[in-house]
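A.B. asks: One structure is given below, represented as structure tokens, and several questions about it will come after.
The values are calculated or read from the model by the stated rules, or taken from the named source; none is laboratory data. Computed from a prediction, not measured in an experiment: that's the story for all the values here. Positions of Cβ are backbone-derived with ideal geometry, glycine not excepted, and every protein chain shown enters the neighbour counts. Just so you know, the surface numbers come from the protein's heavy atoms only, side chains and all, with ligands and any DNA or RNA stripped out. Shrake-Rupley method; radii C 1.70, N 1.55, O 1.52, S 1.80 Å.
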Amino acid sequence: MTAKETIQQGKAILGIEFGSTRIKAVLIDGENKPIAQGSHEWENQLVDGLWTYSTEAIWYGLQDCYADLRKNVLAEYDIEIEDLAAIGISAMMHGYMAFNDQQNILVPFRTWRNTNTAKAAAELSELFVYNIPLRWSISHIYQAILDNEEHVADIDFLTTLAGYIHWQLTGNKVLGIGDASGMLPIDPETHNYSAAMVEKFNKLIAPKGFNWTLLDILPEVLNAGENAGFLTAEGAKKLDISGHLKPGIPLCPPEGDAGTGMVATNAVKQRTGNVSAGTSSFSMIVLEKDLSKPYEMIDMVTTPDGSLVAMVHCNNCTSDLNAWVNLFKEYQQLLGIPVDMNEVFGKLYNNALTGDADCGGLIAYNYISGEPVTGLAEGRPMFVRSANDKFNLANFMRANLYASVGVLKIGNDILFNEEHVQVDRITGHGGLFKTKGVGQRVLAAAINSPISVMETAGEGGAWGIALLASYLVNNTNGSTLADWLESNVFAGNTGVEIAPTAEDVAGFNKWIENYKRGLAIEQAAVDNKA
């Protein structure tokens, strides 16, 4: 069946993901390959000291993204989208969207980026004997309680961004298990919110006398492949303001961007993992069993089908590296030489590989913002060297590349060196890996593991959630998500793998020890520079 016939017959599948800076829509065919796409650029706003997106921006962004997809389909195939086989909605995880019984949002959406929840997260981590990150929904609601915010008494429903969009399109208050695991810890046995933690939380807040308990206001947890409702007539109008899209289309459980990244890199099976490295970075390692104890640096979430995942989330990755590359771009422009940014990145990155394995003693800190893993509440980008260090371009660029995954290494060293977690394959995706072979080699050295990169990883989370929607309607023989992805999407494609060299690993280990000792310098810069 051609792409045009797939769309005409209503057999195409739509995935939409709300990222931090871009909303993206991908239409896939019966072979799970992209056949059309649309996008919308957007930015968060700092309102009253908290990072947010307005509900108006959310709906305008969704509608404009879908309109861009329609425009692409019209241009490519000269037809309208009238029906679809399935739809999936994904978005940045965590955060806080609280609604009253009239479906009105009680306070502006508080995103994952907010760090005002430190007291709540610390108290809950102690109460649950479980690491509760600042960005999780349970931290946000408890912080609101600690701050005596009046709106808490009126909460009827608490959800994430993906859960909110899905609810408005279908009427169903549900959430995929991966996204739900960023609201409250999931019990791997029941595939539901931890009953013990729910009970502890309800007891903790009982003196407040709210007319709700936790399970009253949280979305129902669903696994990948479970039906999460159908597009209502009202929902169809909210998505497609042109009025062409028909209601009745099934939707898969809404998921978080971490889950869709796992799907897009074929990393949902136990003993697999993926690393996303762009503006921020995170690694997701699918575990065979729970860790021996909680670690402040490691967040426990799940795959979209409920397996436990150890997540190391770093606020900073390539932003400072990109800023240095832009400095070289400006120098090239000063010389009157035409600039091709792909060439600039390629030359600088590849030159870095000719440097010393330990960067000749040079250290870089890429902290545009604070970094919870290393205990920095704020960030100051910084480059550090001694007079006797080997200061040349290759070592300079290598130090900045190392810095982009340095914090990631610190968290993953716990998993591999202390918990002895076993991994068969780790797949990298994101901007760091765009220059072929370089980011891969650096990451392989950092975590002392082979790293694969697949061409399809570039399709991103919108493709990942489209695959979950495809799994909902095309998994006719009851396969697990991992087996279905292997058979129907990746068919043995594990990408191009680069293994670490002993020299690179030893060099990175020496560099990271210098980096850790120098964190006091970074802290001093935070304390003393306005």
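A.B. asks: Rounded, prolate or oblate: which one fits the range 464-530, using the alpha carbon gyration tensor with axes a ≥ b ≥ c (rounded when a/c is under 1.5, else prolate when a/b beats b/c, else oblate)? Walk me through the intermediate numbers first.
C.D. replies: Details: a/c = 5.47, a/b = 2.15, b/c = 2.55.
Because a/c hits 1.5 or more and a/b fails to exceed b/c, the range 464-530 counts as oblate.
A.B. asks: On a straight-distance basis, which lysines could pair with Lys208 in a cross-link, Cα separation under 24 angstrom, same-chain partners fewer than 8 positions away excluded?
C.D. replies: Answer for Lys208, where 24 Å is the Cα cut-off: Lys119, Lys200, listed by chain and number.
A.B. asks: Would you mind calculating the relative contact order of the range 145-263 from Cα pairs under 8 angstrom and at least 6 residues apart, reporting the percent as a whole number? Intermediate results must be reported in sequence, preceding the final value.
C.D. replies: Details: 161 pairs, mean separation 39.6, N = 119.
33 percent.
A.B. asks: Be a star and scan the range 205-249 for residues whose amide nitrogen sits under 14 Å from the point 7 Å along the Cα-to-Cβ vector of Trp59.
C.D. replies: 234-242, by backbone N distance to the label point.
A.B. asks: For Asp154 and Met341, calculate 0.36 nm times their separation in residues minus their Cα-Cα distance, and state this gained length in nm to one decimal.
C.D. replies: Details: separation 187, 0.36 × 187 = 67.32 nm, distance 5.15 nm.
My answer for the length gained is 62.2 nm.
A.B. asks: While we're here: Set the Förster distance to 30 Å, then compute FRET efficiency between Asp78 and Phe230 from the Cβ-Cβ distance, nearest 0.05.
C.D. replies: Computed FRET efficiency for Asp78 and Phe230: 0.55.
A.B. asks: To continue, here is another question. Could you tell me the center-to-center distance, by alpha carbons, between the range 37-93 and the range 319-366 in angstrom?
C.D. replies: Taking the Cα centre of each part, the range 37-93 and the range 319-366 sit 34 Å apart.
A.B. asks: Net charge near Val198, counting Lys/Arg +1 and Asp/Glu -1 over other residues with Cβ under 11 Å of its Cβ? Don't skip to the end; give the middle numbers.
C.D. replies: On the way: positive: Lys200, Lys203; negative: Asp187, Glu199, Asp216.
Summing Lys and Arg as +1 and Asp and Glu as -1 gives -1.
A.B. asks: Let me ask you something else. According to the square roots a ≥ b ≥ c of the eigenvalues of the Cα gyration tensor, what is the shape class of the range 382-463, taking rounded for a/c under 1.5, prolate for a/b larger than b/c otherwise, and oblate for the remainder? Don't skip to the end; give the middle numbers.
C.D. replies: Values: a/c = 2.48, a/b = 1.37, b/c = 1.81.
Since a/c reaches 1.5 but b/c is at least a/b, the shape of the range 382-463 is classed as oblate.
A.B. asks: I want the antiparallel fraction of DSSP beta bridges within the chain, as a percent rounded to 5.
C.D. replies: Values: 46 of 65 bridges.
The antiparallel fraction comes to roughly 70 percent.
A.B. asks: Okay, next question. Gap in Å between the Cα centre of the range 121-185 and the Cα centre of the range 201-259?
C.D. replies: Their Cα centres are 13 Å away from one another.
A.B. asks: Tell me, in nm to one decimal, what length is gained between Thr21 and Glu43 on full extension, where the rule is 0.36 nm per residue of separation less the Cα-Cα distance?
C.D. replies: Values: separation 22, 0.36 × 22 = 7.92 nm, distance 0.54 nm.
Length gained, Thr21 through Glu43: 7.4 nm.
A.B. asks: Using a Förster distance of 45 Å, how high is the FRET efficiency between Ile145 and Asn223, based on the Cβ-Cβ distance and rounded to 0.05?
C.D. replies: Details: r = 30 Å, r/R0 = 0.67.
Approximately 0.90, to the nearest 0.05.
A.B. asks: Which whole-number percent gives the relative contact order of the chain, counting Cα pairs below 8 Å spaced six or more residues apart? Show your work: numbers first, answer last.
C.D. replies: Values: 1105 pairs, mean separation 79.8, N = 530.
Computed over the chain, the figure is 15 percent.
A.B. asks: As a test question: what accessible area, to the nearest 10 Å², does Thr476 have when a 1.4 Å probe is rolled over all protein chains in place?
C.D. replies: 130 Å²
A.B. asks: Moving on to the next point. Give me the net charge for the shell around Asn100: Cβ to Cβ below 9 angstrom, other residues only, Lys and Arg +1, Asp and Glu -1. It would help to have the intermediate numbers written out before the result.
C.D. replies: On the way: positive: none; negative: Asp101, Asp154, Asp156.
Once all neighbours under 9 Å are counted, the net charge is -3.
A.B. asks: Computed from these coordinates, which is Cα extents along the principal axes in Å: (1) 60, 60, 57; (2) 90, 65, 50; (3) 69, 62, 44?
C.D. replies: Evaluating Cα extents along the principal axes in Å on these atoms matches (3).
A.B. asks: Given only helices, namely DSSP H runs of n ≥ 4 each adding -39500 (n - 2.57), what is the per-residue ellipticity at 222 nm of the chain, to the nearest 500 deg cm²/dmol?
C.D. replies: Values: 18 runs with 199 residues, N = 530.
When only DSSP H runs of four or more count, the value is -11500 deg cm²/dmol.
A.B. asks: Which shape class applies to the range 118-276: rounded if a/c is under 1.5, otherwise prolate when a/b exceeds b/c and oblate if not, where a ≥ b ≥ c are the square roots of the Cα gyration tensor eigenvalues? Please list the in-between numbers first.
C.D. replies: Details: a/c = 2.19, a/b = 1.33, b/c = 1.64.
Because a/c hits 1.5 or more and a/b fails to exceed b/c, the range 118-276 counts as oblate.
A.B. asks: Can you pull the one-decimal nm distance between simple spin-label points at Ser242 and Ser292, each 7 Å off the Cα toward Cβ?
C.D. replies: Label at Ser242, label at Ser292, 5.9 nm between them.
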